[in-house]
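Scroll down for the structure; my scribbles are underneath it.
The values are calculated or read from the model by the stated rules, or taken from the named source; none is laboratory data. Fair warning: this is a prediction, and the values are worked out from it, not measured in the lab. Cβ: placed from backbone, ideal geometry, glycine included. Neighbour counts: every protein chain shown. Heads up: the accessible areas ignore ligands, DNA and RNA and are worked out on the full protein's heavy atoms, side chains in. Shrake-Rupley method; radii C 1.70, N 1.55, O 1.52, S 1.80 Å.
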Amino acid sequence: MASDYSSTPITLNAVNPKVLKCAYAIRGEIITHAQLLQQDLNENPGSHPFNEILYCNIGNPHSLGQKPITFFREVLALCDHPLLLDRSETKALFSADSIERAIQILDQIPGRATGAYSHSQGIKGLRDKIASGIEARDGFPADPNDIFLTDGASPAMLRVSVPSSSIQIQMMMQLLIGSENDGILCPIPQYPLYSASITLHGGTHISYYLDEETGWALEISELENQLKTARSRGVNVKALVVINPGNPTGRVLAEANQWEIVEFCRKEGLVLLADEVYQENIYAPDKQFHSFKKISRSMGFGEKDISLVSFHSASKGYYGECGKRGGYMEFTGFSPEIREQIYKVASVNLCSNISGQILASLIMSPPKVVDESYESFSAEKDAILSSLARRAKILEDAFNSLEGVTCYKAEGALYSFPRINLPGKAIKAAEEAKTAPDAFYARCLLNATGIVVVPGSGFGQCPGTWHFRCTILPQEEKIPAIVSRLTQFHKQFMDEFRG
């Protein structure tokens, strides 16, 4: 018998309208349908024209077979179970530098226990390691007091308790957005965490469009136009979000372009929110990652010239430790009064998880040449990144071989973002199904092949264009099967809806 919820104390009408308006396509309708298909496959093998669901919707490397980095896991294991350090067999099972690193870390944790709370900003010794890593990367000083350790870069998108989590983007939206009149400039296409977070906090999302025709370039003239338009409407524009390398585009910004962006923010008095979580994922031989902090310091700008927040996460890179929820923010160019407010927001959540804090420090201070684990660490890292580069190239070529599909090279990050020129008949069918044309395509693809992609409409796109985002993360040996299934499906789809 159907349940009657008419007398329950909360209904949709009573839910915060900001939550109802919020959307997060990466875990949206297509993925929900995929999970139902997975359940059906488990209960009724052979019930679909495929034998497994291939999740290409989310940057979740370990779920798709990527192995963790041995050195990181050895240190984490020893920190979580320090009694291992007293056992004679430990020296035979763990590298000498992982043992040494674990001892160093445990000496800095309250009670030498990863189950203990830490300082709200993160364990000081771990922040010291991260600051040293930033200095080594950029060639400019870094202050551990500017660093806040966090539970990754992406919060649970529907966490509506007040205050919400202190995780990076959510924290910044809490600090910057006081009313619907406060605006944040975000790229289109964008990682939907930003639009969802701005919506949840009641602000105004100001879109600036990346130029697909030039490989998803960020044009300063577009920033200027969108800023001018927003200000003419009375919007108080407070910050600019830049994702480099790009999600979902895979674009790696040129250094000269970064100089322009820094100067734009300095001139217009905007906080620069630099999402740099894919900084290790560079595949184009002619491209190199440069942090926005390095760029701003290279231009001669100091603390009083520009406010900058840099985000990094343990979830991406060659490590892909999504479930560990580790990351950090570096705040520069903020007054002591503002920094006090940042610390207050972080304190509400007590602290980020200790394992994530440890992992963030290890990422920024990996084994050195003199360390026992250096060779195995380097081999694991290089194998992952070179395989990702090969997968990106195979998928790029496959997409560009399809009728009506164009796909720019994934220079970095973990995704391809091909554009589909859909037949009018398919667009009409999508309208009749009351869904976006690219969502219609993605659902048809899922039903026919078991391949899960995210419609471009979930990321934003120029009106009249249609895309989908596909990760490059499935195991390399599965890529040919994905290409084969996709190619066969696309031909049948185009034949069905042509004309």
Can you find a residue in region 300-318 that is at negative phi and in contact with a Cys (Cβ under 7 Å, 6 or more places away or on another chain)? yes
Those residues that are in a loop (DSSP other than H, G, I, E, B) and either open to solvent by 50 Å² or more (accessible area, probe 1.4 Å) or touching a residue at least 24 places away in the same chain (Cβ under 8 Å) (or both), I need them from region 395-420; list them, please. S401, L402, E403, G404, Y408, K409, A410, E411, A413, L414, F417, P418
Would you tally the residues in region 109-141 being open to solvent by 20 Å² or more (accessible area, probe 1.4 Å) and of a type in the set (D, E)? 2
For region 289-317: of the residues being closer than 19 Å to I169 by Cβ and assigned to a helix (DSSP H, G or I), which is farthest from the chain's Cα centre (by Cα)? K293
If you check I394 against the conditions, is it among the β-branched types (V, I, T) and farther than 21 Å from R73 by Cα? yes
For region 123-150, what are the residues that are over 28 Å from A113 (Cβ atoms) and in contact with a Ser or Thr (Cβ under 6 Å, 6 or more places away or on another chain)? D138
Go through the residues of region 437-448 one by one and say whether even a single one is closer than 24 Å to G65 by Cα, more than 25 Å from the chain's Cα centre (by Cα) and surrounded by fewer than 22 Cβ atoms within 10 Å (Cβ to Cβ). yes
Test D286 against the stated conditions and say whether it is within 26 Å of S63 (Cβ to Cβ) and charged (D, E, K, R). no
Go over the candidates P49, P68, P45 one by one and state the one that is farther than 22 Å from R391 by Cα, open to solvent by 10 Å² or more (accessible area, probe 1.4 Å), in a loop (DSSP other than H, G, I, E, B) and in contact (Cβ under 8 Å) with a residue 40 or more places away in the chain. P49
Just wondering, is there one or more residues in region 264-279 that are in a helix (DSSP H, G or I), open to solvent by less than 20 Å² (accessible area, probe 1.4 Å) and at pLDDT 95 or above? yes
Out of curiosity, is A14 of a type in the set (A, V, I, L, M, F, W, C) and at pLDDT below 85? yes
When the residues of region 191-219 are narrowed to those that are aliphatic (A, V, I, L, M) and touching a Phe, Trp or Tyr at 6+ places or on another chain (Cβ under 6 Å), which ends up least open to solvent (accessible area, probe 1.4 Å)? A196
When region 318-372 is checked residue by residue, the ones that are surrounded by 14 or more Cβ atoms within 10 Å (Cβ to Cβ), assigned to a loop (DSSP other than H, G, I, E, B) and of a type in the set (K, R) are R325
Of the residues V405, V345, which single one is under 30 Å from D80 (Cβ atoms) and touching a helix residue (DSSP H, G or I) at 6+ places or on another chain (Cβ under 6 Å)? V345
Members of region 280-306 that are crowded, with 23+ Cβ neighbours inside 10 Å and of a type in the set (D, E, K, R): K293
Could you please find all residues in region 248-263 being out of contact with any helix residue (DSSP H, G or I) (no Cβ under 9 Å at 6 or more places or on another chain) and either within 30 Å of V453 (Cα to Cα) or open to solvent by less than 50 Å² (accessible area, probe 1.4 Å) (or both)? R251, V252, A254
Those residues of region 190-214 which are without any contact (Cβ under 8 Å) to a residue 60 or more places away in the chain and either over 19 Å from R469 (Cβ atoms) or not aliphatic (A, V, I, L, M) (or both), in sequence order: Y194, S197, I198, G203, T204, H205, I206, Y208, D211, E213, T214
So how many residues does region 208-227 have that are over 16 Å from G183 (Cβ atoms), touching a strand residue (DSSP E or B) at 6+ places or on another chain (Cβ under 9 Å) and assigned to a helix (DSSP H, G or I)? 1
